[in-house]
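The values are calculated or read from the model by the stated rules, or taken from the named source; none is laboratory data. What you see is a predicted model; the values in this text were computed from it and never measured. As a convention, Cβ positions derive from the backbone with ideal geometry for all residues, glycine included, and neighbour counts pool all protein chains shown. Heavy atoms of the whole protein, side chains included, go into the accessibility calculation; ligands, DNA and RNA do not. Shrake-Rupley method; radii C 1.70, N 1.55, O 1.52, S 1.80 Å.
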Amino acid sequence: MDPISIHVNGRSFRREAEPRMHLGDFLRDELRLTGTHLGCEHGVCGACTVLVDGQPTRSCITFAVACEGREVTTIEGYDDDPVMRLLRPAFTRHHALQCGFCTPGMLTTARDIVLRLPDADEARVRLELSGNLCRCTGYQGIVDAILDVLQQQRDAPNVEFEQLRQRLSAPRMATVKPLAAAVSNDVPTHAPGKSPSVNGATSAELAEVDPVAMAKAKAKGNAIEVHFDVPYAVDQVWAFMGDLPAVASCLPGATVDSHEEEKVRGSISIKFGPMSAAFVGAARLQRDDAAKRAVLRGAGQDSLSKSRTQGDITYRLEALSADNTRVHVDMVYALQGPLAQFSRSGLVKDFVRRMVADFGKQITRRLGGEAVVSNEPQPTVSIAGMMLSVLWNHIRGWFGMPPRG
Ligand code: FES
Ligand code: FES
């Protein structure tokens, strides 16, 4: 057991907790604050969302001991909160709950939305809510309640509400050590005493990632297999795939900062529903010309969330005909940190499939002599839209129809 001092809802507690106990269990079992609900315990449903140092945090994927000295706010701690004073009656007015299981997490996320996004419209509210699942309401009442509070604040601004908004809009530096990161030592991390950049990676961060060391460790984790076809001869495609800056230019949001022979350093920016990330890191490419097969082995870190990823991308070319090539892509990756909450989801696989399909289209354009448009938008995904697409593909499958990419 480890000692832990923690502030919850304005009170200080000293307790002991097993290093592996997550914050949700700690709040419920040790402090008897049962308003925090646990649903999936995988970071997906959002029912367990609480504030840690003012930031919405999944308590099921956050170690209690990682919250040493932190300020935690649970659903029981909002009695004097000017935002909850508006949100709670709005939820009642708009019938934004039925069984109430998701409601503590919904209210916590709703509070974050109305504070952060004063001009959010319905589409934006739905996007921001996509990390919280509700089995009962169909979401309309929840969305209406949030829009109602936003409108109230526009029509008759509450001073305390506005002060809170201003306080929270100041840059927030601290993040809680996430569950997975706290138990793992197998990916590069910040050297002691170094202060990481918040709005972008520093050159020091880039230098910390050693592609040679990475190349020795084969990735373990989630696996995705996809392929795309390009209407060019296999030798032409193979030659192109060896030009790392050219290949990176076909991946929206990716940039190569430096490369030397088979080593490359760069970054890739993605948006996934309400979350965005810019992974900065390094990779090493190992090519087998005879087999037309290559492995890109890399690791990177998102400087905002401190989420880390490590993985292998293996690609293999298959000649379908003299002028057509199939590119098989096998990805094995491990994601650690706050963004890991979606790493086991089928949605991530769908996201990667779409990204690879776009990548294939860009490669085709590039091989055809077309310039790749610079400032290509980052891959952006609406989780709600993607869920509909996944559902639609399942329905097509029941009728024996092929899935749509
Ligand atoms: Fe934590 Fe579902 S219980 S996200
Ligand atoms: Fe029942 Fe949302 S109200 S899960």
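For this structure, a couple of remarks:
- Counted residues, segment 33-51 - those being more than 12 Å from Gly105 (Cα to Cα) and either of a type in the set (Lys, Arg) or at pLDDT 90 or above (or both): 3
- Counted as qualifying within segment 44-161 are the helices (runs of 4 or more DSSP H) with 3 or more residues that are within 16 Å of ligand 2 (Cβ to nearest atom), namely 82-93, 103-116, 140-155.
- Set Ala207, Ala223, Ala215: member being modelled with pLDDT under 75 and either under 21 Å from the mean Cα position of the chain (by Cα) or open to solvent by 50 Å² or more (accessible area, probe 1.4 Å) (or both): Ala207
- Condition met for Leu33 (aliphatic (A, V, I, L, M), touching a residue at least 40 places away in the same chain (Cβ under 8 Å), open to solvent by 50 Å² or more (accessible area, probe 1.4 Å) and part of a loop (DSSP other than H, G, I, E, B)): no
- Residue check: Val149 meets all listed conditions (1) modelled with pLDDT under 75; (2) more than 16 Å from ligand 1 (Cβ to nearest atom); (3) surrounded by 19 or more Cβ atoms within 10 Å (Cβ to Cβ) but one, namely (1).
One line per residue, one yes/no per condition, for (1) of a type in the set (Phe, Trp, Tyr); (2) touching a strand residue (DSSP E or B) at 6+ places or on another chain (Cβ under 9 Å); (3) free of Cβ contacts under 8 Å to residues at least 40 places away in the same chain; (4) open to solvent by less than 10 Å² (accessible area, probe 1.4 Å):
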site	(1), (2), (3), (4)
Val44	no, yes, no, no
Phe63	yes, yes, no, no
Val72	no, yes, no, yes
Pro82	no, no, no, no
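- Scanning segment 1-30 for residues that are among the small types (Gly, Ala, Ser) and open to solvent by 50 Å² or more (accessible area, probe 1.4 Å) yields Gly10, Ser12.
- Every pair of residues 6+ apart whose Cβ atoms lie under 7 Å, when the first sits in segment 6-23 and is of a type outside the set (D, E, K, R) while the second is exposed (fewer than 13 other Cβ atoms within 10 Å of the Cβ): Ser12/Ser5; Ala17/Met1
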